[in-house]
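**Student:** Before anything else, here's the structure in question.
Just so it is clear, none of the values below were taken in a lab; they were calculated from the coordinates. As the structure is a prediction and not an experimental result, all values here were calculated from the model. When we count neighbours, we look across all protein chains shown, and the Cβ atoms used for this are built from the backbone with ideal geometry, even at glycine.
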Amino acid sequence: MLKKNRGKINEIVYNNTAYYNGNYRHYPTITGLKVIVDEIIESNSTTEYIRITPFYINEVLDRQIEFEEYMFFIECRDWFDEKIQEMHILECVDPIDTPRALSDLRIGAALYPLCKNEDVDAFKNALQKYKDILNELLLKMMDIAKSEMDLKEEHLPFGYFCFEIHSG
């Protein structure tokens, strides 16, 4: 059962990803994700964190692949400086526990931003930057899915990207 946390953003995430009183989770597609991100941006508030993990499902092959290296994770902290932010991004783009590492620091900076608590503008800007880079990320993830799942042309119409969203 999904727990409904307090706060505007947590309510937005819950209302868009939980159903039947929180007993089940809904994983939005790219269109739904963009609507949710817009709603969060328009809320003019912050939260402790938001984590968005993409995955690709192909119904014909009955297979799924997660893209942890392309996870968006924004964290709000009381304090950090440029050096801490740089170390945070470097740790996130080269994780120990995932088979694929992200080598593009520009994308890493967009996927793993830090912001200060209650800094609404920085929070909104980070979400907008993620939304702006999403199409580029989807192309990269599709190439990985094609390769790792051995997708053929006839499989493509039966696949789609979904996103698991958590906030706190």
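**Student:** Within segment 47-70, restricting attention to residues that are in contact with a Pro (Cβ under 8 Å, 6 or more places away or on another chain) and among the charged types (D, E, K, R), which residue is farthest from Tyr112 (Cα to Cα)?
**Tutor:** The qualifying residue farthest from Tyr112 (Cα to Cα) is Glu66.
**Student:** Let me ask you something else. Restricting to segment 99-150, name every residue that is out of contact with any strand residue (DSSP E or B) (no Cβ under 7 Å at 6 or more places or on another chain), polar (S, T, N, Q) and either under 26 Å from Asn44 (Cα atoms) or crowded, with 17+ Cβ neighbours inside 10 Å (or both).
**Tutor:** Asn125, Gln128, Asn135
**Student:** Identify the residue in segment 32-69 that is aliphatic (A, V, I, L, M) and over 26 Å from Asp150 (Cβ atoms) and, among all such residues, is surrounded by the fewest Cβ atoms within 10 Å (Cβ to Cβ).
**Tutor:** Ranking the qualifying residues of segment 32-69, first place goes to Val35.
**Student:** Any idea which of Thr46, Thr29 is touching a strand residue (DSSP E or B) at 6+ places or on another chain (Cβ under 8 Å) and either of a type in the set (A, V, I, L, M, F, W, C) or more than 18 Å from Asn5 (Cα to Cα) (or both)?
**Tutor:** Within the list Thr46, Thr29, the selection yields Thr29.
**Student:** Oh, and also: Does segment 4-12 contain any residue that is in a loop (DSSP other than H, G, I, E, B), farther than 18 Å from Lys124 by Cα and free of Cβ contacts under 8 Å to residues at least 40 places away in the same chain?
**Tutor:** Yes, segment 4-12 contains a residue that is in a loop (DSSP other than H, G, I, E, B), farther than 18 Å from Lys124 by Cα and free of Cβ contacts under 8 Å to residues at least 40 places away in the same chain.
**Student:** When both residues are 6+ apart or on different chains and their Cβ atoms are under 8 Å apart, which pairs have a first residue that lies in segment 16-38 and is under 19 Å from Ile74 (Cα atoms), and a second that is assigned to a loop (DSSP other than H, G, I, E, B)?
**Tutor:** Every condition considered, the pairs that remain are Asn16/His26; Asn16/Pro28; Thr17/Leu2; Thr17/His26; Thr17/Tyr27; Thr17/Pro28; Val35/Pro28; Ile36/Pro28.
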